[in-house]
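The values are calculated or read from the model by the stated rules, or taken from the named source; none is laboratory data. Every value quoted in this text rests on a predicted model; they were computed, and no experiment measured them. Positions of Cβ are backbone-derived with ideal geometry, glycine not excepted, and every protein chain shown enters the neighbour counts. With ligands, DNA and RNA removed, areas are computed over all heavy atoms of the protein, side chains included. Shrake-Rupley method; radii C 1.70, N 1.55, O 1.52, S 1.80 Å.
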Amino acid sequence: MQKTSFWKAGHTPTLLASFFYFDLSFMVWVLLGPLAIQISKDLGLTAAQKGLIVATPLLAGALLRIVMGVLVDHLKPKKAGLIGQIVVLIGLCWAWLGNLHTYEQLLFLGVILGVAGSAFAVALPLASRWYPPEHQGTALGIAGAGNSGTAFAALFAPALAIAFGWQNVFGLALIPLFIALAVYLIFAKDAPGDAPSKSLTEYLAVLKDKDAWWFMFFYSVTFGGFSGLASSLTIYFNTQYGLTPVTAGYFTAACVFAGSLVRPMGGRIADRIGGIKTLSVMYTIASAFLFIASIGLQSAPAAVCVFVVAMLALGTGNGAVFQLVPQRFRKEMGVMTGLVGMAGGIGGFYLAASMGYSRQITGSYQIGLSIFASLAIIALLGLSLVKKRWRTTWGSAAMTTAKI
């Protein structure tokens, strides 16, 4: 009953076009992660440098989400997304046809790939604004499932790099991106009655609301964990268990698929039982399995199983966070998507970089993973502090038809 009403409630072509655009943008965003083994072999990078080149697109994408969020509210989502796609296509052409021979050039490429990561601030409001409050979790879960593109990068990039050379992978990535651009131009439409543009002062005013900071922290753990692991696991499986780049990519893809495909389910569950309850369970599971992963399991298959469960929890949590955000900040969805998305990217940057430094300084990944597991526990405690207020104010039955 609810499923039927959902498909009649919004604009399905825009929802699916948003998903496709988001999916391929995220594939490009984390492309340096699966290629890092071959790149570091050619350039002689240290463990910390490997960690930083896979973390740089995450940080750049995080910061650019703010810029994109502002563009979304001023130009409307579709035009803002078009600008971002053109920048990424030009950047990939440069990476393909140019000469990437230094660590600094790779860091610069990471910044350009960060523009692809800012697609998050476009795809979600583009889809969200078509749907009523009771379907926000499902709509944003479907659009947000585009983070499965990170799995495609892990699945195909290492093998393509062996067959054609890692630099040509950037050229091959242009093919699906041009298809996504065509689909986007044809099917995606801005929702009628978008909120009017705001001044910079009004944007900054959002940061005076403590709930904005809570959402940013919650998402820095769920999405930060997901994106940080998606970028780092290929290197992890290679260095920890001696797997080849291709096999390490397959193992990583299994973990990332698990985390990305459950995002719509996270939104769906949050629509049914409430985002707070869903997030509480997911933080508990994620922290437990990240602690288990931090001890360094004896075999790669065992490690995959542990990371899959952690990614399932983090991916479900991603959907749950974005079931709550539109209920609290519906009129500021553009800038809030940018802010919350930025925090998620920073969380991913932190995790990817800390795993690299942990490996270089201590010889293991334990410190990097265990600190992030601790952040999940802190998020669980934070959620317990705010849940009563949220459920009795903006989340009360008198204020919204959605379950909080």
**Request:** Hey, can you tell me all the residues within region 42-51 that are under 18 Å from the mean Cα position of the chain (by Cα) and either surrounded by fewer than 24 Cβ atoms within 10 Å (Cβ to Cβ) or acidic (Asp, Glu) (or both)?
**Result:** none
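Quick grid of which residues meet (1) buried (at least 24 other Cβ atoms within 10 Å of the Cβ); (2) charged (D, E, K, R):
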| site | (1), (2) |
| --- | --- |
| Phe108 | no, no |
| Ala116 | yes, no |
| Leu126 | yes, no |
| Glu134 | no, yes |
| Thr138 | yes, no |
| Gly141 | yes, no |
**Fill in**
Checking Thr56, Thr102 in turn, the sole residue that is among the polar types (S, T, N, Q), in contact (Cβ under 8 Å) with a residue 60 or more places away in the chain, closer than 23 Å to Leu174 by Cα and in contact with a Leu (Cβ under 8 Å, 6 or more places away or on another chain) turns out to be Thr56
**Complete:** By residue number, the members of region 74-124 that are at pLDDT 90 or above, among the aromatic types (Phe, Trp, Tyr) and touching a helix residue (DSSP H, G or I) at 6+ places or on another chain (Cβ under 8 Å) are Trp94, Trp96, Tyr103
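One line per residue, one yes/no per condition, for (1) of a type in the set (A, V, I, L, M); (2) crowded, with 24+ Cβ neighbours inside 10 Å:
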{"position": "Leu229", "(1), (2)": "yes, yes"}
{"position": "Phe237", "(1), (2)": "no, yes"}
{"position": "Cys255", "(1), (2)": "no, yes"}
{"position": "Leu261", "(1), (2)": "yes, no"}
{"position": "Thr284", "(1), (2)": "no, no"}
{"position": "Leu290", "(1), (2)": "yes, yes"}
{"position": "Ser299", "(1), (2)": "no, no"}
**Prompt:** Does at least one position in region 204-211 carry a residue that is open to solvent by 10 Å² or more (accessible area, probe 1.4 Å) and acidic (Asp, Glu)?
**Reply:** yes
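I'd like the full set of residues that are among the aromatic types (Phe, Trp, Tyr) and either on the phi > 0 side of the Ramachandran plot or surrounded by 24 or more Cβ atoms within 10 Å (Cβ to Cβ) (or both), limited to region 306-351.
Result: Phe307, Phe322, Phe349.
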**Message:** Please go through region 156-175 and give me each residue that is open to solvent by 30 Å² or more (accessible area, probe 1.4 Å) and among the β-branched types (Val, Ile, Thr), ordered by number.
**Reply:** Ile162, Ile175
**Prompt:** Could you list, in sequence order, the residues of region 372-400 that are in a helix (DSSP H, G or I) and of a type outside the set (A, V, I, L, M)?
**Reply:** Phe372, Ser374, Gly382, Ser384, Lys387, Lys388, Arg389, Trp390, Arg391, Thr392
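Residue-by-condition table, conditions (1) aromatic (Phe, Trp, Tyr); (2) under 22 Å from the mean Cα position of the chain (by Cα); (3) surrounded by fewer than 24 Cβ atoms within 10 Å (Cβ to Cβ):
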position: Gly33; (1), (2), (3): no, yes, no
position: Ser40; (1), (2), (3): no, no, yes
position: Ile53; (1), (2), (3): no, yes, no
position: Gly61; (1), (2), (3): no, yes, no
position: Val67; (1), (2), (3): no, yes, yes
position: Pro77; (1), (2), (3): no, yes, no
position: Ala80; (1), (2), (3): no, yes, no
position: Leu89; (1), (2), (3): no, yes, yes
position: Trp94; (1), (2), (3): yes, no, yes
